[in-house]
Structures are given as C-alpha cells and as structure tokens.
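Worksheet for the structure shown next.
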Amino acid sequence: MSDDRSNGAGAPPPEEGSEAQPAVSLEEQIRQAEVEAADLKDRLLRALAESENVRRRAERERSDAMKYGVTQFARDLLDVADNLRRAIDSVPESQLRDDVARNLLAGVAATERALLGVFERHGIRRIDPKGERFDHNFHQAIFEAENTGKSAGTVIEVLQPGYLLHDRLLRPAMVGVAKGEPKPDGGGGPGDRPDGGDRPDPAAFRIDTVV
C-alpha cells in the first residue's frame, strides 16, 4: 500500500479541459505596457487640446460679449444722431440772425457733438465716405449719376452716414456713386463694360452687414 501512495495513486485526477497557460515573456509584457502608455498619452494630449480649445472659445465669447453686447442699443441710438443732424441742417441761414434761433441751433449742435463723443468712447465710429471709392463692405449705393467729373465708382454724395461698432458694421452708409462716362468713339478699353461705360460691376453694390 505504501508503494501505491508513493506512485501518486492518491493524487486528484486533472480536470477535464484544463490546459497549461503559456507563460508571457518579459519582452511581450514590456511591448504591451508601451502600447498602453502610448494610448494613454494620446488620450491625455487630446483632452488637453480640447480643454485649451474650450478655454479659447470661452475667452473669445467673453470678449465679443463685452465689445458687441450693446449692438442693438447702439443701433437704436443711430436714429437719435440722425435726427440731431436733420435738425441742424433744417435751419435756414436767414433765421440765424435771430439770437434765439442761433442759440438753439448751437445747443443742438453741442448735443450732437456730445453724442458722437460718447459713440467714439464706446467704439462707435461714423462712416462719411464722400470722395472715396465705393466699398460694398461699408456702403450701400442708392443711385448713380453721370457727368459728375469724378471717376466711376467714386462716392459723390452721402445720403445717410454709416456706423461701425469696433470692426463690425452697424449700418452701411447710403451713398450716390459716379457713373462712368461713355467713350466718345464707342470703343471699349481694358475692363470696360460692353456698352462702352466704366460703371462698376452691379455685383459690387451688395451689402454684407455684420449682425
């Protein structure tokens, strides 16, 4: 009986389906650890980049809110500035001989200057482009005029001044633009229209008002 025990007769039989697990080499463990470390590093870098983007976006939105948060209020005040200018321009020179009318006009003019000063302090600038080239980014063409003695596309009259809030357009300036004169010989030069005139391309008269 002692011989049976010494030969392993009493050892439990191996479980069915059990197989010996191959040992993972040290090199394979190192390789797997490097792959996991690279993946974690990539995730961390992506998270940091996203966090920086969120921070920059929030900073930009905060800055825009400070600069442009008064946009609608500023637009409403433009009517006040327009009415002050109309009141000044409506007084005929013949009435300026009267002291009361002259003092009243001086008071209205002083009010207009004060309002424009407030505009300037808050980044609102007036656009008065008479004599300048037409720019569809800031001007709106109301009419074209011939025989003005000006080159085609020159602003010859400002019907209503425009305004900028910092670098954004509050209101385009409404202007009249010089129309190109027809060529005496009917010939067309470089860049001329087929009808012989130098009038600007009508597509240039579109307005892109920034809200």
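The values are calculated or read from the model by the stated rules, or taken from the named source; none is laboratory data. Here the structure is a predicted model, which means the values were calculated and not measured. Reconstructed Cβ throughout: ideal geometry from the backbone, glycine too, with neighbour counts over all protein chains shown.
For the criterion of being under 39 Å from the mean Cα position of the chain (by Cα) and in a strand (DSSP E or B), residue 126 passes.
Scanning the stretch 150-177 for residues that are free of Cβ contacts under 8 Å to residues at least 24 places away in the same chain and either more than 25 Å from residue 66 (Cα to Cα) or aliphatic (A, V, I, L, M) (or both) gives a single hit, 159. Screening 95, 32 for residues that are surrounded by 10 or more Cβ atoms within 10 Å (Cβ to Cβ), more than 35 Å from the chain's Cα centre (by Cα) and assigned by TED's automatic domain parsing to the domain that holds residue 118 leaves exactly one candidate, 95.
Inside the stretch 74-92, can you point out the residues that are among the basic types (Lys, Arg) and either in the same structural domain as residue 164 (by TED's automatic domain parsing) or in contact with a helix residue (DSSP H, G or I) (Cβ under 9 Å, 6 or more places away or on another chain) (or both)? Matches in the stretch 74-92: 85 only. Scanning the stretch 56-83 for residues that are part of a loop (DSSP other than H, G, I, E, B) and not aliphatic (A, V, I, L, M) gives a single hit, 69. For the stretch 119-134, filtering for residues that are loosely packed, with under 11 Cβ neighbours inside 10 Å and touching a strand residue (DSSP E or B) at 6+ places or on another chain (Cβ under 8 Å) leaves 1.
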